[in-house]
Amino acid sequence: MPSNKSVSDAPIIQFTNCRILREHKLQREDLWVRDGKILDPEKLFFDEQGYADRRLDCGGAIVAPGFIDVQINGGYGVDFSQPCEDVSAGVSLVAKKILEHGVTSFCPTLVTSPPAVYHQVLPQISVHSGGPEGAGVLGFHLEGPFISSDKRGAHPERFLRTFRSGGTDDLMETYGSLDNVAMVTLAPELPHSQSVVSTLRQKGVTVSLGHSVANLSQAEDAVRHGASFITHLFNAMLPFHHRDPGIVGLLTSDQIPAGRTVFYGMIADGIHTNPAALRIAHRAHPSGLVLVTDAITAMGLPPGRHTLGQQEVQIQGPHAYVAGTKTLSGSIATMDMCVRHFKQAAGCSVEDALEAAALHPARLLGLSHRKGSLHYGADADLVLLDDGLRVRATYISGEEVWRAEL
């Protein structure tokens with residue numbers, strides 16, 4: 001029977017025997033869920049005289065907010081940047097598979113491509129909530145093509161573009177539409193980029209700086225215009241220099257507007273960033289670190305050749321290279337792997353590692369009122385983990401969507 005029909009007919013679920021991540025600490029207390037949202041037990045008990053319809057014994061597991069991946073290019077043989085008749089089928093496959101890695105929401109990421117690819121792919125995927133069919137889509141992350149040729153990395157040079165003017169003309173000509181776009185990565189040193197940053201922010205699109213040779217002053221100017229993220233810190237940007245630290249200098253800049261936070265993505269796969277560099281970044285600006293996988297088509301596949309956008313990549317052991325080169329081309333890491341490696345390499349707390357994969361990306365995208373935390377009223381997107389931070393089960397809106405086999 002429902003616990004209190006005057007409030008809701010939905011059953012109340014009580015997660016017991018668990019340690020929940022709340023207020024930056026793992027706390028031994030129960031978690032209550034109804035209608036896909038996290039309940040305040042005091043209001044339930046005293047205002048409603050409610051009780052649990054179902055109790056779930058978590059076996060001492062950690063209960064954390066579901067992970068959010070804001071940079072994932074594909075996986076399991078799917079490349080989000082490859083146009084096809086049914087893009088949604090590929091996105092759905094990846095969305096389903098990443099549940100086992102604790103990811104409950106993600107931003108499908110498109111690397112630099114010709115306009116025809118954006119025009120074909122973007123209209124096929126809309127923002128939607130997750131469920132048993134897979135993780136939710138928060139919107140596309142468009143990484144390019146407005147980036148530096150010198151720092152293009154695995155992005156094909158022939159499709160790079162510059163801004164001929166401010167405003168939306170170049171964006172619309174390239175992308176076709178900004179509907180269902182959550183984030184755009186661009187190089188802030190490109191002419192007219194600052195007015196483009198302002199335009200994107202006015203349209204609710206998060207702006208990230210990356211694949212860039214910008215100096216610190218140019219990066220700070222972009223932040224003043226609304227940029228709030230750095231795409232895969234240290235990778236595809238000028239190296240830190242004591243006279244001009246470049247984009248990396250944003251982590252300790254005193255020119256960040258009051259009340260603003262600059263977040264930065266880290267690919268904690270043990271390959272893209274040396275552990276010492278990871279520790280430097282985390283200790284300089286812990287509240288801004290966002291774990292990303294930057295996973296490509298080959299995530300979950302055996303070694304060999306695979307595609308990434310308009311390029312061919314070679315998987316050799318844990319490395320993904322542009323075929324025939326030693327240029328890194330995304331990763332084959334999963335989010336739970338990144339969480340574990342980050343904790344070990346940075347020497348940080350379990351809480352810090354989990355928040356870098358959930359709370360921080362939610363704050364970056366302006367979604368922390370409903371994602372990334374276990375606060376009352378937030379979406380009941382959960383990941384249950386053992387003490388080794390291995391995923392035991394994943395829940396979306398309080399419903400189990402994946403569980404490890406015993």
Condition (residue is of a type in the set (A, V, I, L, M, F, W, C), more than 18 Å from Glu23 (Cα to Cα) and out of contact with any strand residue (DSSP E or B) (no Cβ under 7 Å at 6 or more places or on another chain)) applied to the stretch 363-381: is it met by at least one residue? no
Residue match in the stretch 253-264 (condition: out of contact with any helix residue (DSSP H, G or I) (no Cβ under 6 Å at 6 or more places or on another chain), assigned by the TED database to the domain that holds Arg340, surrounded by 20 or more Cβ atoms within 10 Å (Cβ to Cβ) and not basic (Lys, Arg)): no
Could you please give the count of residues in the stretch 174-222 that are closer than 12 Å to Leu250 by Cβ and touching a strand residue (DSSP E or B) at 6+ places or on another chain (Cβ under 8 Å)? 8
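Select, from Val207, Val223, Val181, the only residue that is open to solvent by 10 Å² or more (accessible area, probe 1.4 Å) and either closer than 23 Å to Thr109 by Cβ or in contact with a Phe, Trp or Tyr (Cβ under 9 Å, 6 or more places away or on another chain) (or both).
After applying the criteria, what remains is Val181.
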Restricting attention to the stretch 62-86, which residues are open to solvent by 10 Å² or more (accessible area, probe 1.4 Å) and in contact (Cβ under 8 Å) with a residue 60 or more places away in the chain? Tyr76, Gly77, Val78, Asp79, Gln82
Residue, nearest to Met183 (Cα to Cα), within the stretch 131-147, restricted to residues that are open to solvent by 10 Å² or more (accessible area, probe 1.4 Å) and not acidic (Asp, Glu): Leu138
Checked the stretch 68-120 for anything part of a helix (DSSP H, G or I) and among the acidic types (Asp, Glu); matches are Glu100
The residue from Ala320, Ala333, Ala298, Ala358 that alone is assigned by the TED database to the domain that holds Gly75 and at pLDDT 95 or above is Ala358
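For (1) touching a Lys or Arg at 6+ places or on another chain (Cβ under 7 Å); (2) at pLDDT 95 or above; (3) under 22 Å from Ser149 (Cβ atoms), each residue gets a yes or a no:
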| residue | (1), (2), (3) |
| --- | --- |
| Thr231 | no, yes, yes |
| Asp244 | no, yes, yes |
| Ser253 | no, yes, no |
| Ile271 | no, no, no |
| Pro286 | no, yes, no |
Residue that is nearest to Leu93 (Cα to Cα) [pool: residues in the stretch 274-299 that are open to solvent by 60 Å² or more (accessible area, probe 1.4 Å) and either part of a loop (DSSP other than H, G, I, E, B) or charged (D, E, K, R) (or both)]: Asn274
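Rundown of residues vs (1) among the hydrophobic types (A, V, I, L, M, F, W, C); (2) closer than 26 Å to Asp69 by Cβ; (3) assigned to a helix (DSSP H, G or I), yes/no style:
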| position | (1), (2), (3) |
| --- | --- |
| Gln194 | no, no, yes |
| Gly204 | no, yes, no |
| Gln218 | no, no, yes |
| Ala258 | yes, no, no |
Only one of (1) of a type outside the set (A, V, I, L, M); (2) more than 14 Å from Gln82 (Cβ to Cβ); (3) open to solvent by 30 Å² or more (accessible area, probe 1.4 Å) is not met by Gln120, so which one is it? (2)
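Of the residues Val127, Val103, which single one is closer than 28 Å to Asp170 by Cα and either surrounded by fewer than 24 Cβ atoms within 10 Å (Cβ to Cβ) or modelled with pLDDT of 95 or more (or both)?
Val127
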Among the residues that make up the stretch 108-131, is at least one of them in contact with a Lys or Arg (Cβ under 9 Å, 6 or more places away or on another chain) and either farther than 22 Å from Ala227 by Cα or of a type in the set (Lys, Arg) (or both)? yes
For the stretch 118-148, name all the residues that are touching a strand residue (DSSP E or B) at 6+ places or on another chain (Cβ under 9 Å) and free of Cβ contacts under 8 Å to residues at least 40 places away in the same chain. His128, Pro145
Residues to consider are Phe263, Phe234, Phe240, Phe229; find the one that is of a type in the set (Phe, Trp, Tyr) and more than 15 Å from Leu278 (Cα to Cα). Phe229
Ala214 vs. criteria crowded, with 18+ Cβ neighbours inside 10 Å, within 18 Å of the chain's Cα centre (by Cα) and not in a helix (DSSP H, G or I): no
Within the stretch 344-390, can you find the residues that are in a helix (DSSP H, G or I), farther than 18 Å from Phe263 by Cα and open to solvent by 20 Å² or more (accessible area, probe 1.4 Å)? Gln344, Val350
Can you work out which of the residues in the stretch 32-59 that are in a strand (DSSP E or B) and open to solvent by less than 100 Å² (accessible area, probe 1.4 Å) is farthest from Ser129 (Cα to Cα)? Leu56
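The values are calculated or read from the model by the stated rules, or taken from the named source; none is laboratory data. Quick caveat, the model's predicted, so the values are computed rather than measured. In this analysis, Cβ positions are derived from the backbone assuming ideal geometry, glycine residues included, and neighbour counts consider all displayed protein chains. These area figures cover heavy atoms from the full protein model, side chains too; ligands, DNA and RNA do not enter into them. Shrake-Rupley method; radii C 1.70, N 1.55, O 1.52, S 1.80 Å.
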